[in-house]
Amino acid sequence: MHRKNDNKRKAQTSTVREAINELLNQYHLKPRFDEVQLIASWPGLMGKTISSKTGEIYMRNNVLFVEISSGPLKYELNMSKARVKDIIEKKFGKNVVDDIIFI
């Protein structure tokens, strides 16, 4: 018996990742999904030391608010805000966070 070559994709098929992204975009859920993903991945992005001093994290109008319990760490993070934003943009792409406020 001769089998058809099942490895060929049809022109209109897509990967699961592409399908989920398209679904999120169509229902305008992508920004909220990115926010939740960012908040959940904060410890991995910033490391154990910073995440241990982090309290509440939330977003409003594309502004990330991060509560920091250490004054010196808050100062250092404010001074390197652009670097923190670059780390977030590398992981999630641009336009996820417009600004970061450490409180």
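The values are calculated or read from the model by the stated rules, or taken from the named source; none is laboratory data. These numbers were taken from a predicted model, which means no experiment stands behind them. Note that we place each Cβ from the backbone using ideal geometry, even for glycine, and neighbour counts take in every protein chain shown.
Listing for the model above:
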item	result
Criterion: among the aliphatic types (A, V, I, L, M) and exposed (fewer than 10 other Cβ atoms within 10 Å of the Cβ) - qualifying residue of Val16, Val96	Val16
Tally, over the stretch 61-85, of residues that are part of a strand (DSSP E or B) and within 15 Å of the chain's Cα centre (by Cα)	4
Pair list, Cβ under 7 Å, 6 or more apart: the stretch 42-59 residue under 14 Å from Phe102 (Cβ atoms) and exposed (fewer than 13 other Cβ atoms within 10 Å of the Cβ), other residue at pLDDT 95 or above and β-branched (Val, Ile, Thr)	none
Any hit, the stretch 51-64, residues being among the basic types (Lys, Arg), out of contact with any Phe, Trp or Tyr (no Cβ under 8 Å at 6 or more places or on another chain) and more than 15 Å from Leu38 (Cα to Cα)	yes
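A quick yes/no check of all residues on (1) hydrophobic (A, V, I, L, M, F, W, C); (2) touching a His at 6+ places or on another chain (Cβ under 7 Å); (3) not in a loop (DSSP other than H, G, I, E, B):
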| position | (1), (2), (3) |
| --- | --- |
| Leu24 | yes, no, yes |
| Phe33 | yes, no, yes |
| Gly55 | no, no, yes |
| Ile87 | yes, no, yes |
| Val97 | yes, no, no |
